[in-house]
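Student: Submitted below is the structure of interest, expressed as structure tokens.
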Amino acid sequence: MKNTRPGLKKSEVLLYSLITLVGVAIGLVFPLMGYFRQASLVWYYVICVLSGVFAAGLILWIVQKIVLSPLEEFLNAMERASQGDLNVAIVGKYVGDFQALAHHFNSMLQSIRSSVDQLKNSSEETLHLAEQLMQTIQQMHGATEEVSSTIQNISKGAEEQAVKVQEAFNIIDTMAGNIQTSAELLSNSEKVVS
């Protein structure tokens, strides 16, 4: 992963300067405490400065381990998470506020992963339901076309039946007219014969 923090930041420089000043102050407090009164003055100041530098280094190392290392891990984890890596976790063993922060960060990412999984499952279910709906619509379209075709056939058959019934009425009318004519002829022929 690319380090996005080139060089020391202003807060880090201030922290290192403060630690150095504390170390030097501790080194200068030794004369007041009377620890090295028998040593020559030069050795006395050399030991005081070395003690101050050692104390500053020790404090710097402690601050690095207790504060800066956890912050570095938190920043790296947050950067990876912001880039979409939801499988990142803070695994360092911390105490106090850092432990609570690590726990909450890991819990937050777990909740986000669960939400993403639920969203993925819901999307897949919605897609499946949409496919089923499309199949149902296609089946209904086919059934509608079949019903329409059947209605057209029934209508065509009904028209044909109506034409045939009309033809039958015409034939019956013609037969009735012929029968009437035959009856009149018969009646006239009976009158002529009598």
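The values are calculated or read from the model by the stated rules, or taken from the named source; none is laboratory data. Values in this document were obtained by computation on a predicted structure and should not be read as measured data. Here Cβ is always computed from backbone atoms with ideal geometry, including for glycine, and neighbour counts include all displayed protein chains. These accessible areas exclude ligands, DNA and RNA; they are computed on the full protein's heavy atoms, side chains included. Shrake-Rupley method; radii C 1.70, N 1.55, O 1.52, S 1.80 Å.
Student: Which of M134, S122, Q110 sits closest to the plus end of the dipole of region 44-137, meaning its Cα is farthest towards the positive end, when Lys and Arg get +1 and Asp and Glu get -1 on the C-beta?
Tutor: Going by the Cα projections, it comes out as Q110.
Student: Quick one: what are the phi-derived ³J(HN,Hα) couplings along region 131-148, Karplus 6.51/-1.76/1.60 with θ = phi - 60°, whole Hz, x for glycine and proline?
Tutor: 5, 5, 4, 5, 4, 4, 5, 5, 5, 5, 4, x, 5, 5, 5, 5, 5, 4
Student: Near the amide H of I90, under 5 Å away, which other amide H atoms are found, from residues 5 or more places off or on another chain, if H is placed in the peptide plane?
Tutor: N106
Student: Excluding ligands, DNA and RNA, what is the solvent-accessible area per residue of region 43-194 at a probe of 1.4 Å, expressed in Å²?
Tutor: 79
Student: In addition: Report, please, the projected area of region 59-135 averaged over directions, based on the convex hull of its C-alpha atoms, in nm². List each step's numbers first, then the result.
Tutor: Numbers: hull surface 23.5 nm².
Averaged projected area of region 59-135's Cα convex hull equals 5.9 nm².
Student: Let me ask another. Using alpha carbons only, how many angstrom separate the centre of region 130-187 from the centre of region 43-84?
Tutor: Cα centroid to Cα centroid, the span is 100 Å.
Student: Using a ≥ b ≥ c from the Cα gyration tensor of region 49-96 (square roots of the eigenvalues), is it rounded, prolate or oblate, where a/c under 1.5 gives rounded and otherwise the larger of a/b and b/c decides, a/b for prolate?
Tutor: prolate
Student: Considering the options A77, G96, S51, tell which one lies farthest towards the positive end of the dipole of region 51-106, charges being +1 on Lys and Arg and -1 on Asp and Glu at the Cβ, about the Cα centre.
Tutor: Sorting the options by dipole projection puts first S51.
Student: Another question, if that's okay. Rounded to the nearest percent, how much of the accessible area of region 58-176 (1.4 Å probe, protein heavy atoms only) is carbon and sulfur?
Tutor: Ligands and nucleic acids excluded, carbon and sulfur give 61 percent.
Student: Give a residue-ordered list of calculated ³J(HN,Hα) values for region 95-110 (Karplus: 6.51 cos²θ - 1.76 cosθ + 1.60, θ = phi - 60°; whole Hz; x for Gly, Pro).
Tutor: Using θ = phi - 60°, the values come out as 10, x, 5, 5, 5, 5, 5, 4, 4, 5, 5, 5, 5, 4, 5, 5 Hz.
Student: Going by the alpha-carbon gyration tensor, a ≥ b ≥ c the square roots of its eigenvalues, is region 128-191 rounded (a/c under 1.5) or, if a/c is not under 1.5, prolate (a/b greater than b/c) versus oblate?
Tutor: Prolate is the answer for region 128-191, as a/c is 1.5 or above and a/b outweighs b/c.
Student: What is the Cα radius of gyration of region 87-194 over 2.2 N^0.38 Å, N being its residue count? Don't skip to the answer; put the middle values down first.
Tutor: Details: Rg = 43.9 Å, N = 108, 2.2 N^0.38 = 13.0 Å.
Region 87-194 yields a ratio of 3.37.
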